[in-house]
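Visitor: Got a structure here, written out as structure tokens. Questions coming.
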Amino acid sequence: MADTELYVRDDVKGFLDMLAAMNGPQMDEVPLAEARAAFATMGQLAEADAHDLAVVRDLTCPGPAGEIPLRLYDPRTSREAGPAVMFFHGGGFVIGDLETHNAFCTELAHQLDLPVIAVHYRLAPEAPFPAAPDDCEAASRWVAESPAALGFQVTGIITTGDSAGGNLAIVTAQALSDEPAAVPVVLQAPIYPVAGPVEETFSFKTFSEGFLLTARTMGFFSSNYAADPADKRNYPILHDDHAAAPPTVLLTAGLDPLRDSGRDYAAHLVQAGVDVIYLEARGNIHGFVNIRKAVPSAQRDVTALTDAIKLMLARHG
């Protein structure tokens, strides 16, 4: 194994040692409600504080199975026409909600000086695949054409999200490329996404035990999500036209079992001629955007992401 794969940051090691000492139950060993509550509690303890913003407002939009909860974040009380960020939370399509990623959404809005609309799509197993991508697509189409409800005119969409949400960021961008919305997707910024099968990758074989996200947890998520492995809405690397992807900023974690999935997808885009900024948080683990208090060095990785998004928007503005 190369030295780069062996490197673990000091604060990451401290966090992993703390989790190992706690020796808590596996996610599939407790009722689902407890697993969801435990994820939320970890965020409350390990995540950085939220920024105070001018606007933090809950709203809803129509979805294929009823109203979809959304949350609008904006550092400005009023805004001229411009791009908006669609944020899809992580959690394996099974856990996570608007609250678990609230602080990170305020970080994005603060750093980018852009409105962020977070989407609480339906979760599995109550609503298995393709409920999540269906909801994210519906919410994005609604944002593209609802200036009265939002209070500003959206001229372009930026899709982003972490882990499962990174998958949904890509899948939504592909859906809005295949069948355009009222405004285009001007950039996608998936964060340690699931883009294709991971079980045979080097990173899965190397980091799926002892680095927060485990093979067992991924199996729990996959069995509940019950996706079709041949469907591009599950594995967006199967899409037949990567050249149609928008400019892309892609961030992975060096010690993440999903790392090589993100690397492979970025390589496909580069080979298709898409403008890509690829960032890797060396020595960091999956889930770092939600543990910035416990792992302070993760803030540098988040800032690198937002700086890259601003650079890419300037390049293609």
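No value in this document is a laboratory result; all are computed from the given coordinates. Since we're looking at a predicted model, the values are computed, not measured. In this analysis, Cβ positions are derived from the backbone assuming ideal geometry, glycine residues included, and neighbour counts consider all displayed protein chains.
Visitor: Net charge near PRO128: determine it from the other residues with C-beta under 15 Å of the C-beta of PRO128, scoring Lys and Arg +1 and Asp and Glu -1.
Guide: That sum, taken over residues with Cβ under 15 Å, equals -3.
Visitor: Quick query: amide H of ARG76 versus all other amide H atoms, modeled in the peptide plane; which residues come in under 5 Å with a sequence gap of 5 or more or a different chain?
Guide: Those qualifying (amide H under 5 Å, at least 5 residues apart or on another chain) are ALA54, VAL55.
Visitor: Using θ = phi - 60° and the Karplus form 6.51 cos²θ - 1.76 cosθ + 1.60, what ³J(HN,Hα) does each residue of the stretch 119-125 get, whole Hz, x for Gly and Pro?
Guide: 10, 9, 5, 5, 9, 7, x
Visitor: If you don't mind, there's one more thing I want to ask. Just name one of GLY96, ILE68, ALA46: the one whose Cα is farthest towards the positive end of the charge dipole of the stretch 3-316 (beta-carbon charges, Lys/Arg +1, Asp/Glu -1).
Guide: The residue sitting most towards the positive pole is ALA46.
Visitor: While we're looking at this one, here's another question. Using only C-alpha positions, report the orientation-averaged shadow area of the convex hull of the stretch 3-316, nm², one decimal.
Guide: Directional mean of the projected Cα hull area for the stretch 3-316 stands at 14.6 nm².
Visitor: In addition: Tell me, what is the percent relative contact order of the stretch 148-192, built from C-alpha pairs under 8 Å that lie six or more residues apart?
Guide: Worked out over the stretch 148-192, it gives 50 percent.
Visitor: Obtain the radius of gyration and the Kirkwood radius of the stretch 67-157 from its C-alpha atoms and give Rg over Rh.
Guide: Ratio of gyration radius to Kirkwood radius: 0.98.
Visitor: Follow-up. When a/c is below 1.5 the answer is rounded, else prolate if a/b is larger than b/c, else oblate, so apply that to the stretch 180-317 with a ≥ b ≥ c taken from the square roots of the Cα gyration tensor eigenvalues.
Guide: Verdict is oblate for the stretch 180-317.
Visitor: Taking other Cβ within 10 Å of each residue's Cβ, how do THR77, THR303 sort, fewest first?
Guide: THR77, THR303
Visitor: Moving on to the next point. May I ask you to sort VAL183, VAL85 by Cβ crowding, counting other Cβ atoms within 10 Å and putting the fewest first?
Guide: With the sparsest Cβ surroundings first, the list reads VAL183, VAL85.
Visitor: Right, something else. Hey, how many Å between the Cα centroid of the stretch 277-315 and the Cα centroid of the stretch 187-206?
Guide: Cα centres, the stretch 277-315 to the stretch 187-206: 16 Å.
Visitor: Can I ask one more? Looking at the stretch 3-316, what % of its DSSP beta bridges pair antiparallel, to the nearest 5?
Guide: 35 percent
Visitor: So what is the 222 nm mean residue ellipticity for the chain from helices alone, if each DSSP H run of at least 4 adds -39500 (n - 2.57) and you divide by all residues, rounding to the nearest 500 deg cm²/dmol?
Guide: Rounded to the nearest 500, it is -12000 deg cm²/dmol.
Visitor: Filter the trypsin sites (Lys or Arg not before Pro) in the stretch 47-132 to those in DSSP coil with at most 15 other Cβ atoms within 10 Å of their Cβ, and list the result.
Guide: ARG76
Visitor: In debye, nearest 20: dipole of the stretch 3-316 around its Cα centre with unit charges on the Cβ of K, R (+) and D, E (-)?
Guide: 500 debye
Visitor: Place the peptides 42-52, 290-300, 157-167 in order of packing, highest mean first, counting for every residue the other Cβ atoms within 10 Å and averaging per peptide.
Guide: Top to bottom by mean Cβ count within 10 Å: 157-167, 290-300, 42-52.
Visitor: Then there is this: Rounding to the nearest 10 and keeping the result within 0 to 90°, find how far the Cα-based axis of helix 298-316 lies from the longest principal axis of the chain.
Guide: 30 degrees
Visitor: For the stretch 102-142, compute Rh as the Kirkwood radius over C-alpha pairs and then the Stokes-Einstein diffusion coefficient at 25 °C and 0.890 mPa s; write the answer in µm²/s, rounded to an integer.
Guide: Translational diffusion coefficient: 213 µm²/s.
Visitor: Another one. Helix 10-22: angle to the longest alpha-carbon principal axis of the chain, degrees 0 to 90, nearest 10?
Guide: 70 degrees
Visitor: Could you list which residues have their amide H under 5 Å from that of GLY92, counting only those 5 or more apart in sequence or on another chain, with H placed in the peptide plane?
Guide: Long-range HN contacts for GLY92: ALA164, GLY165.
Visitor: 5 Å is the cut-off here: which amide hydrogens, built 1.01 Å from N in the peptide plane, fall below it relative to ALA281, excluding neighbours closer than 5 in sequence?
Guide: Sorted by chain and number, the residues that satisfy this are THR252, ALA253, GLY254.
Visitor: I would also like to ask the following. Would you mind telling me which residue in GLY219, GLY90, GLY287 has the biggest mean-square fluctuation in a Gaussian network model of the chain, where springs connect alpha carbons within a distance under 10 angstrom?
Guide: In the Gaussian network model the winner is GLY219.
Visitor: Another question, if that's okay. Pull up the cross-link candidates among the lysines for LYS13, meaning alpha carbon to alpha carbon under 19 Å and not fewer than 8 places away within one chain.
Guide: Leaving aside lysines fewer than 8 places away in the same chain, those within reach of LYS13 are LYS293.
Visitor: Which whole-number percent gives the relative contact order of the chain, counting Cα pairs below 8 Å spaced six or more residues apart?
Guide: Normalised by residue count, the contact order of the chain is 20 percent.
Visitor: List, in order, the whole-Hz ³J(HN,Hα) value for each residue of the stretch 188-199 obtained from phi through the Karplus relation with A = 6.51, B = -1.76, C = 1.60 and θ = phi - 60°; use x for Gly and Pro.
Guide: 10, 9, x, 10, 5, x, 8, 10, x, x, 10, 4
Visitor: Local charge sum around VAL116 (other residues, Cβ-Cβ under 9 Å, Lys/Arg +1, Asp/Glu -1)?
Guide: Once positives and negatives cancel, what remains is 0.
Visitor: With label points built 7 Å along Cα→Cβ from the Cα atoms of LEU19 and ARG300, find their separation and express it in nm.
Guide: 2.1 nm
Visitor: Count charges around GLN174 for me, please; just the other residues with Cβ under 14 Å from its Cβ, Lys/Arg as +1, Asp/Glu as -1.
Guide: -4
Visitor: So, one more: For the chain, find the longest principal axis of its Cα atoms and tell me its angle to the long axis of helix 215-225, 0 to 90°, nearest 10.
Guide: Helix 215-225 sits roughly 40 degrees off the main axis of the chain.
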